[in-house]
Amino acid sequence: MSAQLETTQVFPSFEQVYQGLAGQIGMLRQMAPEPTKSEERRLAGAINTLVEETNADEAVWLESCIHCGQCTTACHFFQATGEAKYAPMRKMDLYRRVYRREVSPLRWLFKLATRPVKLKDFEEAQELIYDSCSECGRCTMVCPMGIDTASLVHHMRSAMVAAELVPPELSALRMEQKNAGTVFGSSPETLKKMIDTIRTHYGVEIPLDLREAEVMVLSSAVDLVANGNGLLATARIMNHIGVDWTICSDGFESANFGLLSGDMSLWRMQADPIVAAAQRIGAKTLVIAECGHAYPALRWNPMLRSGALPFEMMYMSEFLGRQAKAGKLRLRPLEGKVTYHDPCKTGRRGGAFDEPRAVLKALGADFVELPANKEYNWCCGGGAGIFLLEDATRLRDESFKIKIREVNETGAEAVVVSCASCRLNFEAGRQKNHWDKRVDSLVELVADHLIDGPTPISGKKAADAEGAVA
Ligand code: SF4
Ligand code: SF4
């Protein structure tokens, strides 16, 4: 029986995955916590957060905008709506006011000349900081002053956490990850259950909790609670190339709602165990699942500033690209014309451009670039958690029309993505617009085109896995 036939028998199609997750996302608003602190403390917390996080880079960016308007040409939310409030430079206004009154060398003057900042100002900024900025970094590409609006918006998200103004969906998931250590209920037990399902129904082994392994692989909540095909595909590829790999049950979750909400302590709390597990097992490589924001959550985690780690972190598309370049993927040709959507976090902000293209080349794909591609690729509109936000529906839908136009222009039958969040957003847009394009995951595409099928792990390794849970 072919891999594809087996897949459709046990795991749902991605169309169904999206529909199931959309239902769960719809319930998040009711689960969001109410503010617990007084308004005075929330305001003071927000202002103090911005003051503490403002270093030389931030000060220069806040001081140097010349209001040329170039960035408006690059922002999908401004381009899709034409509404002035969504211009990138407007998203810095509140941060700049706080900076001028509290940090600037001329703060004594600004305090005399400007209105005090109120909690209401932060409430009004919530839409600009979450719904209308995917922290994609495209505006920085065209800014003559090199202002990194995405980073400034991220500091504002940090202030929003202190002000208890995180949008309800992100707030609910942040609190779940912080308090229970799960995302959509995904836990070490969910991981073990999924591994059992994959072994039972597909005969594919996943080495869990090996004491030592060269490659440590992360999974993600989406793969564990909804899209089993993602982990199945990863396992098939790892076994196919015969790499010495494992998944650690004390550090497997790619999703990081600390990064997405702006909660720095959760960001670190979620990333620390992953780094510790990789060090414990002596991994040389940490492979991050197809989860775009997980890449910056780990690669640019503040703790990494303290020194180099003894292993390399790679996004899934980077790992696959290296395997493709080394001739380790034996693949049958992919039929039909395809294009590729670079996830903002791994592409423009991470530089992983050549590797996914090397994979498509190894697949023998009839590949065509999007009109704006690589560092100029348009964000799909769902990044930085926006995909989850009900209040951002109009902005997301409007900006996705840019993506539809771009993909249609290529004449491709399918768009390949390598980020679960992009994929969910594309799937939502595809279904809403009755769009006749296929949306494929890079890792699943590779797994579906492996020539000689999966290679089970050796008896010794399987035995090692049995008793090796730390
Ligand atoms: S492009 Fe840069 S300098 Fe020009 S308005 Fe935008 S942020 Fe300001
Ligand atoms: S980072 Fe992206 S979404 Fe945010 S303002 Fe810049 S272009 Fe727009």
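The values are calculated or read from the model by the stated rules, or taken from the named source; none is laboratory data. None of these values were measured; they are calculated from a predicted model. A quick note on method: Cβ atoms are made from the backbone with ideal geometry, for glycine too, and the neighbour counts reach across all protein chains shown. Areas reflect the complete protein model, heavy atoms only, side chains present, ligands, DNA and RNA absent. Shrake-Rupley method; radii C 1.70, N 1.55, O 1.52, S 1.80 Å.
Does anything in the range 58-83 have its amide N under 14 Å from the 7 Å Cα→Cβ label point of Phe110, and if so which residues?
What the label zone holds, given the 14 Å backbone N cut-off, is 58-65.
Sum -39500 (n - 2.57) across every DSSP H segment of at least 4 residues in the chain, then divide by the residue count to get the 222 nm mean residue ellipticity, nearest 500.
Only helices count here, giving -15000 deg cm²/dmol.
Taking Cβ-Cβ under 4.7 Å as the only way to count a partner, pick out the unpartnered cysteines of the chain.
Result for the chain is Cys65, Cys68, Cys75, Cys133, Cys143, Cys248, Cys291, Cys380, no neighbouring Cys Cβ within the cutoff.
Taking all protein chains in place and a 1.4 Å probe, what share, in percent, of the accessible surface of the chain do carbon and sulfur account for?
51
With every protein chain left in place and a probe of 1.4 Å, what is the accessible surface of Ile451, to the nearest 10 Å²?
110
Roughly speaking, what is the centre-to-centre gap between the range 378-420 and the range 305-356 when only Cα atoms are used, to the nearest Å?
Distance between centres, Cα-based: 20 Å.
Find the centroid of the Cα atoms in the range 136-192 and in the range 38-97, then give the distance between the two in whole Å.
The range 136-192 and the range 38-97 have Cα centres spaced 16 Å from each other.
Pick out, from Ile241, Ser134, Leu424, the residue whose Cα sits farthest towards the positive end of the charge dipole of the chain, with +1 on the Cβ of Lys and Arg and -1 on the Cβ of Asp and Glu.
Ser134
Test of the criteria: in the range 310-354, which GluC sites (Glu not before Pro) are in a DSSP loop and have at most 14 other Cβ atoms within 10 angstrom of their Cβ?
Glu335
Ignoring ligands, DNA and RNA, what accessible area per residue does the chain give at 1.4 Å, in Å²?
Solvent-accessible surface per residue comes out at 40 Å².
Below 8 Å between Cα atoms, with a sequence gap of 6+, how large is the relative contact order for the chain in percent?
18
Straight-line reach from Lys192: which lysines fall under 23 Å, measuring Cα to Cα and dropping same-chain residues less than 8 apart?
Within reach: Lys178, Lys460, Lys461.
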